[in-house]
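K.L.:
Got a structure for you, questions after.
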Amino acid sequence: MDISTTVVDLTDPSLDSALYVACLKLRQDVFISGMNWNLSQRMGCEFDQYDTPASIHIAAVDGQSLLGCIRMIRTDHQESQVTYMILDAHLGRIPNLPADILSTEVREKNTWECSRLAISHKVKREDYNSIFFLLIRAAIQYAESQGASSLLGMMDPSFERVFKRQGINAYRFGPIKDQRDGRICVLRLDFGTESYRSKETLAS
């Protein structure tokens, strides 16, 4: 596979709107059709209150085929009563997610949230991890380019070990909670040095 990553930014005049829509359609396919999550959808797209010009997507593309995407938003973002998904969940504002999931509230311009990481069902099982870490490293690279030094993500706590095996400095940033799909926690990824980058070459 000849995979590249693209930043999908609604504020960019050269935005590829078809790629943005493809990201929302992939999210619908993965989270609603595949995992049966109770999320908003319309015209085959999954979206929520965090899909605004303040958020961006990283898309992993092989030619014309979208293989995966991840959404990012700065943790100091606030519009009306909406901040970012992890903080709103922590504050008890999202019924389907557990509350009190952060060690401490984070509202920092140098920390970004990652959410809605979706990988296409077209991706072979043996290539899944390569796409996953390609998106994570692209998210780190983008955040770093914006002056950030940390990412927050909500996921299974076992990913703490998975990230560390890949040379990524990840650690739990709150308690482990039970939810419908299993255990979940907030992981914090700190970077700013070369130490987080894996020495392994991604499959191509």
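The values are calculated or read from the model by the stated rules, or taken from the named source; none is laboratory data. Quick caveat, the model's predicted, so the values are computed rather than measured. Virtual Cβ from ideal backbone geometry, glycine too; neighbours counted across all protein chains shown. Heavy atoms of the whole protein, side chains included, go into the accessibility calculation; ligands, DNA and RNA do not. Shrake-Rupley method; radii C 1.70, N 1.55, O 1.52, S 1.80 Å.
K.L.:
I'd like to verify a number: residues in region 147-158 that are in contact (Cβ under 8 Å) with a residue 60 or more places away in the chain and more than 11 Å from the chain's Cα centre (by Cα), how many?
P.N.:
Count: 1.
K.L.:
Still on this structure, please answer the following. Does Gly34 qualify as being touching a residue at least 40 places away in the same chain (Cβ under 8 Å) and more than 26 Å from Ser150 (Cα to Cα)?
P.N.:
Against the criterion (touching a residue at least 40 places away in the same chain (Cβ under 8 Å) and more than 26 Å from Ser150 (Cα to Cα)), Gly34 qualifies.
K.L.:
Scanning for something open to solvent by less than 20 Å² (accessible area, probe 1.4 Å), assigned to a loop (DSSP other than H, G, I, E, B) and of a type in the set (A, V, I, L, M), does region 84-104 turn up at least one residue?
P.N.:
yes
K.L.:
Of all the residues that make up region 62-86, how many are closer than 23 Å to Leu134 by Cα and over 16 Å from the mean Cα position of the chain (by Cα)?
P.N.:
Selection size over region 62-86: 4.
K.L.:
Related question: Asn96 passes all but one of (1) in contact with a strand residue (DSSP E or B) (Cβ under 9 Å, 6 or more places away or on another chain); (2) modelled with pLDDT of 95 or more; which number fails?
P.N.:
With (1) in contact with a strand residue (DSSP E or B) (Cβ under 9 Å, 6 or more places away or on another chain); (2) modelled with pLDDT of 95 or more applied to Asn96, the lone miss is (2).
K.L.:
Same structure, new question: Return a yes/no flag: does region 148-161 have any residue that is among the polar types (S, T, N, Q), modelled with pLDDT of 95 or more and open to solvent by less than 20 Å² (accessible area, probe 1.4 Å).
P.N.:
yes
K.L.:
Shifting gears a bit: Within region 12-27, which residues are in contact with a strand residue (DSSP E or B) (Cβ under 8 Å, 6 or more places away or on another chain), open to solvent by 60 Å² or more (accessible area, probe 1.4 Å) and modelled with pLDDT under 95?
P.N.:
Within region 12-27, just Asp16 meets the criteria.
K.L.:
Is it the case that Glu144 is open to solvent by less than 10 Å² (accessible area, probe 1.4 Å), acidic (Asp, Glu) and not in a loop (DSSP other than H, G, I, E, B)?
P.N.:
No: the conditions fail for Glu144.
K.L.:
Given the conditions (1) open to solvent by 10 Å² or more (accessible area, probe 1.4 Å); (2) within 23 Å of Glu46 (Cβ to Cβ), which single one is not true for Ala118?
P.N.:
With (1) open to solvent by 10 Å² or more (accessible area, probe 1.4 Å); (2) within 23 Å of Glu46 (Cβ to Cβ) applied to Ala118, the lone miss is (1).
K.L.:
Take the conditions in contact with a helix residue (DSSP H, G or I) (Cβ under 8 Å, 6 or more places away or on another chain), more than 22 Å from Thr83 (Cα to Cα) and surrounded by fewer than 14 Cβ atoms within 10 Å (Cβ to Cβ) and apply them to Gly63. Does it pass?
P.N.:
The answer is no for Gly63.
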